[in-house]
Every structure is written in structure tokens, then in C-alpha cells.
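The values are calculated or read from the model by the stated rules, or taken from the named source; none is laboratory data. Only a predicted model underlies this, so the values are computations on that prediction, with no experimental measurement involved. Because the Cβ atoms are built from the backbone with ideal geometry, glycine has one as well, and the counts that use them run over all protein chains shown.
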């Protein structure tokens, strides 16, 4: 039997609510599949941990995380808990940078036509993977001290050859597993850093001749996502552009509650819903757990348990075929646990 150690980082707000539901689904899948065991350990990280002990990501906790096979994260940060600079505490970004989780995967899939604000889109017609570089780009100097009293604060767009090459290769590998089409999203007509990113893309593209490629400026990509999202299979882009486009994309398929994600490196990986901590609904039993459940499926894939991951996705697809089975954020009345119960009931 294969056994994996999973670090649970429920975090803040609705994080504990949705992580608990994902664990319920994982336990049911593991029990039904056989030959697989998951051993969990919960660790405290986030704004609440800062309020308790003065550090949102204690060094001892970070060191422990290196011992696990995968990390399942809920949500981190609270609007009123900020550093003196004014920015929120975001230990999830610290994890990406310190564990070198350079490949951010944001799958987007439309389960039901009526969940999209776009007209006449069939289920499955919106189906693409956004690959976001997660360790540099415009986020690279986010921790640099800034003096607001000087009248000027700057952020730097950092693109390195190594950083660009590895995420672009990862995107090409994603395309090879899907419909063999990759779109570069950049701003190479204006920014020298993006022109360099495109240069590296063109060089790496020569290694993947089976994949069709195109290049789209980020402003045009935003337009095309709304007008004709079916044109995209895999997209690869810089950190900030990916952050923005992934939220736009989630809006096409039902909202942030339907947006799973993974941040993957060569050794470590973190899996989490793309949504925030939503403290206003924490503990009320109305949060949408689907993004976290689908993130857990991505975690199973990372652990080479593809059959179990596929079972979760099929179960979600079955549940969402019924338009009435929705949580409140999607116009329905199911509670958090009701939605999880429905998904568990749809598992084989």
C-alpha cells in the first residue's frame, strides 16, 4: 500500500471549513480505491497564527513542511491583519517562493451552461489550463522596504532566463497532455521584460514541435477570454498577469468557488482553492467547498493516484449536471456539507 503524508494548512476564514470537506472526500476516495493511504497532520499558518503567536509562518512550521509529500492549504490572510507597510500577510506567497513552487496551475472548466455569464456555452466548452509563473515577475520585490513618504514607491518586474524556461517547459508539457495548443500571454509590445519572456518562449517552442503556439498580449487575452474562451487550451504567463487572468477565468465558470489551483516545484507542491479567506462567512456553513475538493484531486494526481483523482472529477461533474445542486455563491441553497455529501454520494 502506498502511504503519503499530507500537511493540512486550513489557515484563516473559510479555510478550515473547506479543508475539512476536502478531507472527507479524500477519505472516501481512498477507502474506496484501496492500495492508498493518506496520513494528515494539521499545522497552524496564517493571519490567525500571527495574532496568536506573532508570526504567520513560524520557522519551525516551515521546516516541518519539507517533511511531507504534499500540502493542502485552505485560505490565508485577513483584511485587517497587515504588515506595517500596509500589505496583507500572505504566507501562501512565502511558501511559493521559499519552496520554489514556480509552476502555478489554474484549471478552468465549465460544468454546466447556466453557471457561466456567457451565452450559449455548452458544458465542457470552456476547458483550459492557465499556467502562472509563481516565484518572480511583478511580485519579486513585494517584500522590499518602501518609503511612502518619499512620494515614489516602485515594484520591479523580474524575469530571469531560468525562471522563464522552466515554467514555459512546464506549460508545454501540460499542452502535450491536453489538446496540444499553447498560448503565450505577455505585454511584449511595451515591456522589455516581456519581450525577453517571449524570446525565451520562442526558443523553448523549438523543442516541442507537436504543440501549436500563438502569442497574445495580456489586454487582448482578457478580451478573448470573454468573447471566445474556447480558443484557449493552455496559457502561460507572468505572475501578476496570471493572478488577474485566473480570477477573470473563474468568473466564466461559476466563480472563485469553482477555481482549484496547484503550485508545483521540482520537489514540493501546494494545493489550494484560488479564492480568499472570506471571513464574513467563516463558520456559517455556506462556503463553496468545490474548489478545494478539486484542488485535492490535483494533489492526488501529483501523488500519482490518477484513478482516485478522476473519480473526484467525475463525481463533481455528475453533481453539477443537476442545475439545482449549488451552494449560495452560485444561486443555490446547499450548505457546505450538503455539497460535499452530494459529491461523496456520486463517487463510485
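Data overview
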item	result
So residue 52, is it out of contact with any helix residue (DSSP H, G or I) (no Cβ under 7 Å at 6 or more places or on another chain), part of a helix (DSSP H, G or I), within 13 Å of residue 9 (Cβ to Cβ) and in the same structural domain as residue 299 (by TED's automatic domain parsing)	no
Any hit, region 143-153, residues being out of contact with any strand residue (DSSP E or B) (no Cβ under 9 Å at 6 or more places or on another chain), under 30 Å from residue 202 (Cβ atoms), at pLDDT below 95 and part of a loop (DSSP other than H, G, I, E, B)	no
Residue check for residue 116: outside the structural domain of residue 41 (by TED's automatic domain parsing) and touching a strand residue (DSSP E or B) at 6+ places or on another chain (Cβ under 7 Å)	no
Every pair of residues 6+ apart whose Cβ atoms lie under 7 Å, when the first sits in region 77-97 and is at positive phi while the second is part of a helix (DSSP H, G or I)	77/47
Index of the failed condition, residue 92 passing every other in (1) surrounded by fewer than 20 Cβ atoms within 10 Å (Cβ to Cβ); (2) at pLDDT below 95; (3) in contact with a strand residue (DSSP E or B) (Cβ under 8 Å, 6 or more places away or on another chain); (4) within 30 Å of residue 325 (Cβ to Cβ)	(1)
Residue 77 being within 17 Å of residue 143 (Cα to Cα), over 20 Å from the mean Cα position of the chain (by Cα) and not assigned by TED's automatic domain parsing to the domain that holds residue 171	no
The one condition in (1) under 21 Å from residue 173 (Cα atoms); (2) surrounded by 16 or more Cβ atoms within 10 Å (Cβ to Cβ) that residue 282 fails to fulfil	(1)
Selection status of residue 167, part of a helix (DSSP H, G or I), closer than 19 Å to residue 261 by Cβ and at pLDDT 95 or above	yes
Filter result for the condition that a residue is surrounded by 17 or more Cβ atoms within 10 Å (Cβ to Cβ) and at positive phi, over 163, 137	137
Filter result for the condition that a residue is crowded, with 17+ Cβ neighbours inside 10 Å, assigned to a loop (DSSP other than H, G, I, E, B) and modelled with pLDDT of 95 or more, over 101, 73, 9	101
Residue check, residue 232 in contact with a helix residue (DSSP H, G or I) (Cβ under 8 Å, 6 or more places away or on another chain), surrounded by 21 or more Cβ atoms within 10 Å (Cβ to Cβ) and either at pLDDT below 95 or over 21 Å from residue 114 (Cα atoms) (or both)	no
Any chance residue 297 is surrounded by 22 or more Cβ atoms within 10 Å (Cβ to Cβ), under 20 Å from the mean Cα position of the chain (by Cα) and in the same structural domain as residue 73 (by TED's automatic domain parsing)	yes
